[in-house]
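These notes are about the structure you will find just below.
The values are calculated or read from the model by the stated rules, or taken from the named source; none is laboratory data. None of these values were measured; they are calculated from a predicted model. Here Cβ is always computed from backbone atoms with ideal geometry, including for glycine, and neighbour counts include all displayed protein chains.
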Amino acid sequence: MPSSASSDAPIGVFDSGVGGLSVLREIRALLPNESLLYVADSGHVPYGDKSPEFIRERCRVLAEFLLSQGAKALVLACNTATVAGVAELRERYPQLPIIGMEPAVKPAAAATKAGVVGVLATTGTLKSAKFAALLDRFACDVRVITQPCPGLVERIEAGELESAATRALLQGFVAPLLAEGCDTLILGCTHYPFIKPLLRTLLPASISVIDTGAAVARHVQRMLSAQGVLASGPAQPAQFWSSAEPQAMQHVLPLLWGKAAEVLPLP
Ligand code: DGL
């Protein structure tokens with residue numbers, strides 16, 4: 001980032017699809033003066049089963065696009081993109097505030113009473129060295145059961161937050177975690193907060209469900225404040241792009257973002 005970046009420049013946010021809107025909502029709630037740009041790479045979703053090389057290339061493309069739109073900071077609102085691509089982006093843009101996602105292992109390890117924590121995330125996140133390092137660092141004293149969720153992101157992309165198919169899929173993922181005695185569940189993918197209400201219906205009330213959107217929004221606030229680039233507002237309306245057919249995202253925006261907006265094709 002040029003050190004002269006204007007505080008009223010927008011924050012650029014991207015994800016493999018619409019999941020990152022769960023993070024965007026938290027940023028909007030905490031930082032209403034900030035103008036927001038969002039790219040859904042829905043033409044390449046899911047990232048969860050793609051190679052790290054492929055995801056790194058997508059991170060480069062999406063970051064370049066958001067910077068060309070004047071972004072003063074980048075948020076990788078995607079756990080899978082973060083494990084594959086955040087290090088390279090930080091090397092490439094050393095002056096730019098770049099914020100990634102991380103499954104909430106530390107707070108979950110502190111919260112569990114049973115000593116058993118479940119993690120729902122993509123295969124890519126769970127297989128990564130970054131996730132292994134996170135467990136080594138914060139979860140030595142607890143048992144962590146990991147559960148990849150293939151197919152779930154596609155249901156959420158389609159706006160199926162409560163369908164019978166989504167429910168059946170989720171039930172299959174949650175059952176082994178319950179059988180192992182987990183009392184704390186980490187949502188390690190930004191798509192999953194959208195199915196939290198459905199998930200709650202499948203869990204005993206005593207089980208805590210932890211996601212990281214609000215913590216990431218606070219981290220964005222701290223980074224911008226440290227660089228002296230918090231916006232004074234008023235914010236411009238959020239702008240959206242998709243690398244898939246824009247109509248599909250436009251259709252689910254009222255459900256996931258809370259209001260309708262135009263979605264442009266990613267050039
Ligand atoms: N939303 C993403 C995450 O946080 C990735 C989902 C996917 O594309 O597989 O991991």
It is to be established whether one or more residues within segment 91-98 are of a type in the set (A, V, I, L, M), touching a residue at least 24 places away in the same chain (Cβ under 8 Å) and assigned to a helix (DSSP H, G or I). no
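Can you tell which of Glu53, Glu64 is acidic (Asp, Glu) and under 16 Å from Ser243 (Cβ atoms)? Don't jump to the end; show me each part of the working.
Numbers: Glu53 fails: under 16 Å from Ser243 (Cβ atoms).
Going through Glu53, Glu64 in turn, just one is acidic (Asp, Glu) and under 16 Å from Ser243 (Cβ atoms): Glu64.
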Going through segment 168-213 in order, the residues found to be farther than 15 Å from Pro148 by Cβ, in a helix (DSSP H, G or I), within 16 Å of the ligand (Cβ to nearest atom) and not aromatic (Phe, Trp, Tyr) are Pro193, Ile195, Lys196, Leu199, Gly213
Please work out if Leu76 is within 16 Å of the ligand (Cβ to nearest atom), at pLDDT 95 or above and touching a Phe, Trp or Tyr at 6+ places or on another chain (Cβ under 9 Å). yes
TODO: Examine segment 81-102 for a residue that is within 16 Å of the ligand (Cβ to nearest atom), farther than 25 Å from Arg25 by Cβ and in contact with a helix residue (DSSP H, G or I) (Cβ under 8 Å, 6 or more places away or on another chain), and state whether such a residue exists.
DONE: no
Of (1) assigned to a loop (DSSP other than H, G, I, E, B); (2) modelled with pLDDT of 95 or more; (3) near the ligand (Cβ under 10 Å from one of its atoms), Lys113 satisfies every one except (3)
Flagged in segment 64-84 as surrounded by fewer than 24 Cβ atoms within 10 Å (Cβ to Cβ) and either part of a helix (DSSP H, G or I) or aromatic (Phe, Trp, Tyr) (or both), in numbering order, are Glu64, Phe65, Leu66, Leu67, Ser68
